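Visitor: The structure is given below, and queries will be raised subsequently.
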Amino acid sequence: MRSPDGLRICSRKCAELKTPCPAQECRHWINYPSDYNCTLISIYNNGSMTLRQIAERLHLSFARIKQIETKALAKIKKRALNSNLFF
């Protein structure tokens with residue numbers, strides 16, 4: 001469950017206790033202890049991030065993150081065109 005600030009209860013607890021999240025099965029878990037191993041805390045603390053910052057947190061190359069972004073944007077565009085969201 002999320003609150004108005006976008007954090008889940010477990011994320012807020014980890015941030016308050018200043019301890020990395022132990023729940024590796026969580027879909028928001030990343031291996032980045034300085035953000036308490038949580039993507040939600042990472043976004044909450046840092047706001048918008050560059051592709052390089054995302055690559056660093058996910059231990060992927062910048063090029064791979066760019067590929068993922070390009071594919072995701074193409075998918076969004078295709079769905080928007082198919083559902084007549086653009087005028």
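Visitor: Using a Gaussian network for the chain with springs between C-alpha atoms less than 10 Å apart, which of these wobbles most: Leu58, Leu17, Leu40?
Guide: Largest GNM mean-square fluctuation: Leu17.
Visitor: What aspartates and glutamates could a cross-link reach from Lys78, if we take a straight Cα to Cα line under 17 Å and drop same-chain neighbours fewer than 8 places away?
Guide: List returned: Glu69.
Visitor: Gain in length, Gln53 to Cys10, computed as 0.36 nm per residue apart minus the alpha-carbon separation, to one decimal in nm?
Guide: Fully extending the segment from Gln53 to Cys10 adds 13.1 nm.
Visitor: State, in angstrom, two size descriptors of the chain derived from its alpha carbons: Rg to one decimal place and Dmax to the nearest whole number.
Guide: 15.7, 49
Visitor: Mean Kyte-Doolittle of at least -0.5 plus a Cα span of 18 Å or more along the axis: flag which DSSP H helices in the chain meet both, please. Please list the in-between numbers first.
Guide: On the way: long enough: 62-82 (30 Å, -0.41).
Result, helices passing both filters: 62-82.
Read-outs: derived from the displayed coordinates by stated rules, not from any lab. Just so you know, these numbers come straight off a predicted model, no measurement behind them.
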